[in-house]
Amino acid sequence: MRRLGLLALSLLLLLCACTNAPPEPTTAPVEQDLFCMDTVMHLKIWGAHAAEDSEEVARLLQQLEQTWSATGEDSVPSRLREGDTVDSLTEEQRTVLQRAAELSARTGGTFDPELYALSRLWGFLGEDPHVPTQQELAQAMELRQWDLGAAIKGYAGQCAAELLTQRATDGQACALLNLGGNIQTVGDKPDGTPWKIAIQNPRGDGYAGTLQVHGTMSVVTSGDYQRYFEEDGTRYHHILDPKTGFPAKSGLASVTVICGDGMTADALSTALFVLGLEKGTELWRQSTDFGAVFVLETGEVYATEGVELSGCSFQVIKREK
Ligand code: AMP
Ligand code: MG
């Protein structure tokens, strides 16, 4: 009888261990800051092995920076500029370039992953920012050289989410990764409420609004306030219109994209910024894989149908015209 009781107790304990109970709401996350990809990143990870997970994510991000930096000595873009061919790359690296090319085609070339010479000429890659001459611009626009700066942080967020999901022994990865404005959520928030992500006010302190997202998502913002210089009273920002060679002037101050795929979210945020509200809305109507929030230079806010935005007044962009 006693043995039966013990057996029942062991079975009960086993059953409890097997249920996929979410992490305790009270469990404190492990937090880590790092400087990577030219920006400050903040990792917040929950779970039993959060400290090791955080180290692994940091290592992955640093490795992706080395591989994809536009200027890094032995990075893929640098090697291709120096004359290496795509055959010398790993399959994964070729896939990233292939996906970048597909995203460029999808956005009518407004996301253009081969603008290295142009960004460098303007000085947005670190050197002496200045307005180039028309002749310099024409020459730089002729050159097609890889720069995945507009998509790689999104890709990195997605890789980090995959890594954490693989490492979660209970299948319940849970993290909030802020990769310098690119937000990657992983799994559900421990207390069961949606993740809340603030959209920065592009023209001052505070926020333009707050988004609610569920599960694993990428939330990526491109804005004219993120990197810029001023010359003769004019602001020149880092998102270039591949057609003109100049910083895009589409009436937008920022665009935020919410998408399950990080690289797509990042490339689309840049593309929508170049396209502006009207053409960006057209691209959204042709798609089913993302939502967007447009903040205009005037301060007006537009959000596509289905996006959970609060904390500001905004107009909803409907799927049907
Ligand atoms: P993001 O902040 O994601 O919008 O990316 C901007 C960065 O991508 C810039 O700093 C440039 O290195 C590069 N870039 C600028 N304009 C474009 C563009 N139209 N398409 C792709 N990359 C761009
Ligand atoms: Mg981008």
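When the strands (runs of 3 or more DSSP E) confined to segment 216-291 are screened for residues that are more than 30 Å from D128 (Cβ to Cβ), open to solvent by less than 10 Å² (accessible area, probe 1.4 Å) and more than 10 Å from ligand 1 (Cβ to nearest atom), those reaching at least 2 such residues are found at 217-223, 252-259. In segment 107-122, of all residues being farther than 15 Å from E142 by Cβ and of a type in the set (F, W, Y), the one that is farthest from ligand 2 (Cβ to nearest atom) corresponds to W122.
Taken together, the criteria exclude T281 from residues that are β-branched (V, I, T) and out of contact with any Phe, Trp or Tyr (no Cβ under 9 Å at 6 or more places or on another chain). For segment 135-149, residues that are part of a helix (DSSP H, G or I) and more than 14 Å from P242 (Cα to Cα) total 2.
Condition test on V186, is it in contact with a Leu (Cβ under 9 Å, 6 or more places away or on another chain) and either away from ligand 2 (no atom under 16 Å from the Cβ) or among the polar types (S, T, N, Q) (or both)? So V186 passes the test.
Checked against the criterion of being more than 10 Å from ligand 1 (Cβ to nearest atom), buried (at least 20 other Cβ atoms within 10 Å of the Cβ) and in a helix (DSSP H, G or I), segment 120-131 has at least one qualifying residue. Residues that are free of Cβ contacts under 8 Å to residues at least 60 places away in the same chain and surrounded by fewer than 22 Cβ atoms within 10 Å (Cβ to Cβ) within segment 298-313 comprise T298, E300, Y302, E305, G306, S313, listed in sequence order. When you check A51 against the structure, is it of a type in the set (G, A, S) and at pLDDT 95 or above, yes or no? Yes. Condition test on S75, is it within 16 Å of ligand 2 (Cβ to nearest atom), among the polar types (S, T, N, Q) and crowded, with 16+ Cβ neighbours inside 10 Å? Criteria not met by S75.
The values are calculated or read from the model by the stated rules, or taken from the named source; none is laboratory data. This one's a predicted model, so the numbers in the text were calculated from it and none came from an experiment. Cβ sites come from the backbone with ideal geometry, for glycine too, and all protein chains shown count toward neighbours. These accessible areas exclude ligands, DNA and RNA; they are computed on the full protein's heavy atoms, side chains included. Shrake-Rupley method; radii C 1.70, N 1.55, O 1.52, S 1.80 Å.
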